[in-house]
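Right, I'll just put the structure down here and ask away after.
Computed from the coordinates by the stated procedures, all read-outs in this text should not be read as laboratory data. Bear in mind that the values here come from a model prediction, so they are computed numbers and not experimental data. A quick note on method: Cβ atoms are made from the backbone with ideal geometry, for glycine too, and the neighbour counts reach across all protein chains shown.
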Amino acid sequence: MVYCACMNGELSVQELKIVITARDDGKAVRQIALRTLSMSYAQFKRAKFRGVLLLDGEPVHADRRVKTGQTLVIRVPDAPAEPVAPFAIPLTVAYEDEDILIIDKPAPLPSVPSAKQAGMTLKNAVYAYLGAPEGFHYRPVNRLDRGTSGLMVVAKHAHAQQYLQRRLHSDDFIREYLAVCDGIPSDTRGVIDAPIVREDGAGIRRAVSAQGRPARTDYRAERIGNGRSLVRLRLFTGRTHQIRVHMQSIGCPVTGDFLYGTEHPLLERRFALHSTFLQLTTPHEKTIRLTSPPPDVFERLLSNQP
């Protein structure tokens, strides 16, 4: 079993502990770290040169071979933290343990700061929620656009972030969204398998193009109303604006999407896209399933309510 912990209650040093099983017998410490523990090369490099590698309590080199029943401990110092201002806003935390926070993000709220967004972001809110700890690092696992609401995962330490990001788009990390879209898909269910590229000269706009990176989205229209469709979507890749670009490419842009469709007066500085379901396996091998109902405005868009 793998354990992840912050030593002495601090965020500056993380400890990983594993009891070697027959599956890993004879492997080098380096292999255990990078493959079994899913550490990144940067993490392992910090552990090797600035941290501690212990096998049954004794310091060892990265190429040391391990045996069944031995205990390997890896202590990883964090990279230097960047300053961040705490902004205390009400946060809906759908799940929390020693490894992760799962937040039901409101919209409009940016997930991360950017050159154009230097004010309130989820980063500032998470920092405040955790009590403005020293050595704070903001580690989003999946990111939601400013105008998208719903479930989003933030890791509490580097190993949890690396562990989960390696499992994105697999059965160990399933994400589903609900969107109200303008128009009705010609096929009520299908897969959009269309590469996405940054548009020439565009700062943030993306487009479907054969020269783009592979992108795949499963969709299913669950309801039709008021000339719109309520669509459930699952991502198999994670391209920027993937759902928004893919739905526009089949003639059904997300309602209120100022970039790929048309703004809507009921949607103030957001669009009708919501992260509604998450299923993931945590670093402690616990399976989490969470749902978040879409905002009430979705019903109004489908039923033409004022």
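Under the Kirkwood approximation applied to all pairs of distinct alpha-carbon atoms, what is the hydrodynamic radius of segment 166-210 in Å?
Result for segment 166-210 stands at 13.9 Å.
So what is the calculated 222 nm ellipticity per residue for the chain, using -39500 (n - 2.57) for each DSSP H run with n of 4 or more, over all residues, to the nearest 500 deg cm²/dmol?
So the calculated ellipticity at 222 nm is -3500 deg cm²/dmol.
For segment 160-271, give the magnitude of the charge dipole about the Cα centre (Cβ charges: +1 Lys/Arg, -1 Asp/Glu; no others), in debye to the nearest 20.
260
Report, in degrees rounded to the nearest 10, the 0 to 90 angle that the Cα long axis of helix 41-50 makes with the longest principal axis of the chain.
30
Going by C-beta contacts inside 10 Å, put THR68, THR240 in order with the fewest on the left.
THR68, THR240
With a 10 Å Cβ neighbour count serving as the proxy for reagent exposure, in which order, fewest first, do CYS181, CYS252 appear?
Going from sparsest to densest Cβ surroundings: CYS252, CYS181.
Within a 10 angstrom radius of the beta carbon, how do TYR41, TYR129, TYR177 rank from fewest other beta carbons to most?
So the residues, fewest neighbours to most, are TYR41, TYR129, TYR177.
By how many nm would the segment from SER170 to GLU58 grow when fully extended, if each residue of separation counts as 0.36 nm and the alpha-carbon distance is taken off?
The span from SER170 to GLU58 would gain 36.6 nm if fully extended.
Further question on the same structure: Which of the aspartates and glutamates could a cross-linker span from LYS48 if the Cα-Cα distance has to be under 12 Å and same-chain partners fewer than 8 positions apart are dropped?
Reachable aspartates and glutamates: ASP63.
Determine the sum of side-chain charges near VAL245: Lys and Arg each +1, Asp and Glu each -1, restricted to other residues whose C-beta is under 9 angstrom from that of VAL245.
+4
Can you tell me the alpha carbon radius of gyration of segment 60-186 divided by the globular rule-of-thumb value 2.2 N^0.38 Å?
Relative to the rule-of-thumb radius for its length, segment 60-186 sits at 1.31.
Where does the charge balance sit around GLN279 when Lys and Arg score +1, Asp and Glu -1, over other residues with C-beta under 12 Å from its C-beta?
Charge balance in the 12 Å sphere: +2.
For a 29 Å ceiling on Cα separation, which of these pairs sit above it: LYS17/LYS105; LYS67/LYS286; LYS45/LYS123; LYS67/LYS156; LYS45/LYS105?
The answer is LYS17/LYS105; LYS67/LYS156; LYS45/LYS105.
May I ask for the distance between the Cα centers of segment 103-181 and segment 15-52, given as a whole number of Å?
Rounded to whole Å, the Cα centres lie 26 Å apart.
Only four residue types carry charge here, +1 at the Cβ of Lys and Arg and -1 at the Cβ of Asp and Glu. Report the dipole size of the chain about the Cα centre in Debye, rounded to the nearest 20.
Charge dipole of the chain: 740 debye, to the nearest 20.
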